[in-house]
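Written below as structure tokens is the structure these notes are about.
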Amino acid sequence: MSDFPGRVAYPEALAIVRRVAAARRLGSERVATRRADGRILAGPVQAPIPLPPFDNSRMDGFALRHADVLGEGGTRLRIVGEQFAGYSVGLRIGPGECARITTGAPLPAGADTVIIREDVREQDGSISFDSVPMPGADIRAAGEDVAVGEQVLAAGQLLTPARLSLASALGLAELQVAQRPTVAVFTTGDELIEPGLPLGPGQIYNSNRELLMGLLRAQGLEPTAWPSLPDDPARIAPQLRDAASAFDVVVTCGGVSAGQKDYLPALLAAQGQIHFWKVRMKPGMPVLFGALERAAFLGLPGNPVSALATFQTLGCALLDGLQGRTEPRARRFAALAAPWRKSHERYEFLRGRLQYGQDGRLSVLPHPADASHRLRAAADSDVLLALPDGARDYAVGDVVEVFGY
Ligand code: AMP
Ligand code: MG
């Protein structure tokens, strides 16, 4: 049980996860655009129509021919019809004529300029105005936003509401997206008991299941949780193998350290494959990554904050890679609001609270309770604060990367 990388540096672990995930990239499927939010696009999207689809008015007002505008002397034009959004009435504007028009309505033939309602006087079926609109004023030209055939979205992009809106504006009712990974979640440990039951001697409530289910759902997934497993390899193995035969990803938590009852590394080595075990990160050092049956296997440490930090970093990288997400996640940085002495070499993820100063500047206050069982500190915080490899004294104002959760 030793022909795999152990005690890898965090950046190396991340690189391994990304490499393995890319090799295990999931297929794609067509889904209704109205159900595609949060999915990853599997291929580029080209515009089948221009945007706007036709020349139209940007304002409520009157469509006219700029050649008829007389300048400071005052212009008078006869209203020959009305053009509303959603209708095309085949109006044509001749010399000395104009048409009432609403925002988004197609421009009548012959018209090339719009003057807004507020700038005209209307009387006896005519309008008059003293101002001089620019030629082409308040017209949105066909194709000025998107030309036909133009690529507007790329493979690997996250489908945000704005991107789904763009696809909808182009008339696309379906999109080709990456399949969502199916994820099986196991908690392990003889000491675990479910909330709602009386607590026996030596027992603790299972808190990591809700943590992991919540973190996975926040990634847009619908994970499946198993009843907690005992620390008994004979009972763990068949259940993990069953799940690993049916799911894309198996996430476990607990049982990956070097304790007497930590059976998962040996089990994975014997029945599957280990890509790495132990990462030089804090918390989360014992994290285990490999493969079992058809699934990618992520064995998170049992301490709640370790599970949080390893999932939010390595776990998210795995899920992104499986779906071919190439667009980097938005990164956030904040200035430290308190000094921090980092006395060890490992890559550290502290818990912290974001603060917005009067000047709008973002800062982050590290939580002093930095032990990996301090769930309260994690709940009081809103970000993980990344301090890269190396011992160092951080000063107030030093900028660090933060990961929300
Ligand atoms: P382990 O990784 O199994 O050595 O567990 C490390 C610590 O995390 C121990 O104190 C466990 O009791 C605790 N722990 C493990 N799994 C859970 C869980 N699902 N919920 C809460 N605490 C846990
Ligand atoms: Mg345990």
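Considering 80, 114, the condition of being modelled with pLDDT of 95 or more, in a strand (DSSP E or B) and within 18 Å of residue 140 (Cα to Cα) is satisfied by 114 alone. What is the residue count in region 111-159 for residues that are under 13 Å from residue 56 (Cα atoms), more than 33 Å from the chain's Cα centre (by Cα) and surrounded by fewer than 16 Cβ atoms within 10 Å (Cβ to Cβ)? Number of matching residues: 1. Among residues of region 122-135 that are in contact (Cβ under 8 Å) with a residue 24 or more places away in the chain, those with a Cβ under 7 angstrom from a residue that is surrounded by 13 or more Cβ atoms within 10 Å (Cβ to Cβ) and part of a loop (DSSP other than H, G, I, E, B), sequence gap 6+ or separate chain, pair up as 127/120; 128/120; 129/120; 132/69; 133/69; 135/112.
The residue that is nearest to ligand 2 (Cβ to nearest atom), among those in region 225-246 that are under 16 Å from residue 266 (Cα atoms) and surrounded by fewer than 14 Cβ atoms within 10 Å (Cβ to Cβ), is 232. When 192, 166, 212, 199 are checked against the criterion of being in the same structural domain as residue 36 (by TED's automatic domain parsing), of a type in the set (A, V, I, L, M, F, W, C) and out of contact with any Cys (no Cβ under 6 Å at 6 or more places or on another chain), a single residue qualifies: 166.
Taken over region 220-265, the criterion of being more than 23 Å from residue 193 (Cβ to Cβ), within 16 Å of ligand 1 (Cβ to nearest atom) and of a type outside the set (A, V, I, L, M, F, W, C) is satisfied by 265 alone. In region 89-99 there is at least one residue that is on the phi > 0 side of the Ramachandran plot, in contact with an Asp or Glu (Cβ under 9 Å, 6 or more places away or on another chain) and either surrounded by 13 or more Cβ atoms within 10 Å (Cβ to Cβ) or assigned by TED's automatic domain parsing to the domain that holds residue 149 (or both). Taking region 34-52 as the range and being crowded, with 20+ Cβ neighbours inside 10 Å and among the β-branched types (Val, Ile, Thr) as the test, the residues that pass are 40, 45. For region 20-33, a tally of residues being outside any strand (DSSP E or B) and in contact (Cβ under 8 Å) with a residue 60 or more places away in the chain returns 8. Evaluate the following for residue 119: is it in the same structural domain as residue 155 (by TED's automatic domain parsing), touching a Pro at 6+ places or on another chain (Cβ under 9 Å), modelled with pLDDT of 95 or more and of a type in the set (Asp, Glu)? Answer is no for this residue. For the residues 220, 156, 149, the requirement of being within 30 Å of residue 108 (Cβ to Cβ) and either assigned to a helix (DSSP H, G or I) or touching a residue at least 12 places away in the same chain (Cβ under 8 Å) (or both) singles out 149.
Residues are listed down the side, and each one gets a yes or a no for (1) without any contact (Cβ under 8 Å) to a residue 24 or more places away in the chain; (2) among the hydrophobic types (A, V, I, L, M, F, W, C); (3) in contact with a Gly (Cβ under 7 Å, 6 or more places away or on another chain); (4) under 18 Å from residue 313 (Cα atoms):
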position	(1), (2), (3), (4)
335	no, yes, yes, no
338	no, yes, no, no
350	no, yes, no, yes
367	yes, no, yes, no
372	no, no, no, yes
379	yes, yes, no, yes
382	no, no, yes, yes
394	no, no, no, no
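Taken as a whole, the structure leaves residue 306 outside the set of residues that are within 10 Å of ligand 1 (Cβ to nearest atom), over 26 Å from the mean Cα position of the chain (by Cα) and not assigned by TED's automatic domain parsing to the domain that holds residue 386. Restricting attention to region 229-253, the residues that are in a loop (DSSP other than H, G, I, E, B) and in contact with a Leu (Cβ under 8 Å, 6 or more places away or on another chain) total 1. A search for C-beta distances below 6 Å between a residue of region 183-212 that is without any contact (Cβ under 8 Å) to a residue 24 or more places away in the chain and any residue that is in a loop (DSSP other than H, G, I, E, B) and more than 14 Å from ligand 2 (Cβ to nearest atom), counting only pairs 6+ apart in sequence or on different chains, returns 205/195; 206/194. Checking each residue in region 267-287 for being within 16 Å of residue 250 (Cβ to Cβ) and within 16 Å of ligand 2 (Cβ to nearest atom) picks out 267, 268, 277, 287. Filter region 289-303 down to the residues that are more than 10 Å from ligand 1 (Cβ to nearest atom) and part of a strand (DSSP E or B), then identify the one that is farthest from residue 19 (Cα to Cα). Ranking the candidates gives 292 first.
Scanning region 343-371 for residues that are among the hydroxyl-bearing types (Ser, Thr, Tyr) and either at pLDDT below 95 or closer than 15 Å to residue 396 by Cα (or both) yields 356, 363.
The values are calculated or read from the model by the stated rules, or taken from the named source; none is laboratory data. Quick caveat: nothing in here was measured; it's all calculated off a predicted structure. Note: ideal-geometry Cβ built from the backbone for every residue, glycine included; neighbour counts use all protein chains shown.
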